[in-house]
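**Student:** Following this message is one structure expressed as structure tokens.
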Amino acid sequence: MKYVAFFRNVNLGHPKSPTRVQLEDSFVSAGAKTAQSFQTNGTLIFSADNEKTALKVLEAACRRLKSACGLEEPAFICGLPHLAKLVAADPFAGVDMEDVYQCCASFMPSNAKRLF
């Protein structure tokens, strides 16, 4: 199964952020079958047998990234099939793009705490 790892406040290669190689290697070293970064913000697709294993991979990868480059930003995962369904639902259908710069989505873990 494929999962997407989302990190907050990451800019690959900048201080306290990993390089692309460090990010991918941290997941493979943590047990992911495959790992591929595809954006400079640290978003990464990786493979694991199931969600429980994927969470363990994420936790271990985060520990490795903290040690390697000082990364302490929050991270969470989402199954790729779920994201594919969201895209297929076309959430911005009907939006008049004339007055919109860009349509974006933000993802958060379900246990995120509201701070205000």
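The values are calculated or read from the model by the stated rules, or taken from the named source; none is laboratory data. Small disclaimer: the values here were computed from a predicted structure and weren't measured. Glycine gets a Cβ as well: all are built from the backbone with ideal geometry, and neighbour counts include every protein chain shown.
**Student:** Take the range 20-48 and flag every residue that is of a type in the set (Lys, Arg) and surrounded by 15 or more Cβ atoms within 10 Å (Cβ to Cβ).
**Tutor:** To start, the set of residues in the range 20-48 that are of a type in the set (Lys, Arg) comprises 20, 33.
Within the range 20-48, Arg20 is the sole residue that qualifies.
**Student:** Select from the range 1-12 the residues that are closer than 20 Å to Leu80 by Cα and under 11 Å from the mean Cα position of the chain (by Cα) and write down the one among them that is modelled with the lowest pLDDT. Outline the logic, then answer.
**Tutor:** The first filter runs over the range 1-12 and keeps only residues closer than 20 Å to Leu80 by Cα, leaving 1-8.
Keeping just the survivors that are under 11 Å from the mean Cα position of the chain (by Cα) gives 3-8.
On the way: Tyr3: 95, Val4: 94, Ala5: 94, Phe6: 91, Phe7: 89, Arg8: 85.
By that ranking, first place goes to Arg8.
**Student:** Let me ask another. Filter the range 73-107 down to the residues that are β-branched (Val, Ile, Thr) and more than 22 Å from Leu23 (Cβ to Cβ) and list them by number. Reasoning before the result, please.
**Tutor:** So in the range 73-107, the residues β-branched (Val, Ile, Thr) come out as 77, 87, 95, 100.
Within the range 73-107, Val87, Val95, Val100 qualify.
**Student:** Would the range 49-67 turn up any residue that is buried (at least 18 other Cβ atoms within 10 Å of the Cβ) and over 20 Å from Lys16 (Cα atoms)? Give the steps one after another, and end with the answer.
**Tutor:** At the first step, the residues of the range 49-67 found to be buried (at least 18 other Cβ atoms within 10 Å of the Cβ) are 54, 57-58, 61-62, 64-65.
Subsequent filtering for residues that are over 20 Å from Lys16 (Cα atoms) retains 54, 57.
There is at least one residue in the range 49-67 that is buried (at least 18 other Cβ atoms within 10 Å of the Cβ) and over 20 Å from Lys16 (Cα atoms).
**Student:** Another question about this same structure. Can you work out which of the residues in the range 26-45 that are among the β-branched types (Val, Ile, Thr) and under 21 Å from Met108 (Cβ atoms) is farthest from the chain's Cα centre (by Cα)? Give the derivation first.
**Tutor:** Restricting attention to the range 26-45, the residues satisfying the condition of being among the β-branched types (Val, Ile, Thr) are 28, 34, 40, 43, 45.
Now restrict to residues that are under 21 Å from Met108 (Cβ atoms): 40, 43, 45.
Details: Thr40: 11, Thr43: 4, Ile45: 7 Å.
For the range 26-45, the residue satisfying everything is Thr40.
**Student:** Taking helices (runs of 4 or more DSSP H) that fall entirely within the range 13-116, which contain at least 1 residues that are closer than 13 Å to Tyr3 by Cβ and modelled with pLDDT of 95 or more? Steps first, answer last, please.
**Tutor:** On the way: elements: 20-29, 51-69, 80-88.
Correct list: 20-29, 51-69.
**Student:** Among the residues in the range 58-79, are any touching a Gly at 6+ places or on another chain (Cβ under 6 Å) and either of a type outside the set (Phe, Trp, Tyr) or on the phi > 0 side of the Ramachandran plot (or both)?
**Tutor:** no
For every residue, the table says whether it meets (1) closer than 23 Å to Ser110 by Cβ; (2) among the basic types (Lys, Arg); (3) in contact (Cβ under 8 Å) with a residue 12 or more places away in the chain.
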| position | (1), (2), (3) |
| --- | --- |
| Phe6 | yes, no, yes |
| Glu24 | no, no, yes |
| Ser47 | yes, no, yes |
| Asn50 | yes, no, yes |
| Lys56 | yes, yes, yes |
| Cys69 | no, no, yes |
| Pro74 | yes, no, yes |
| Gly79 | yes, no, yes |
| Val87 | yes, no, no |
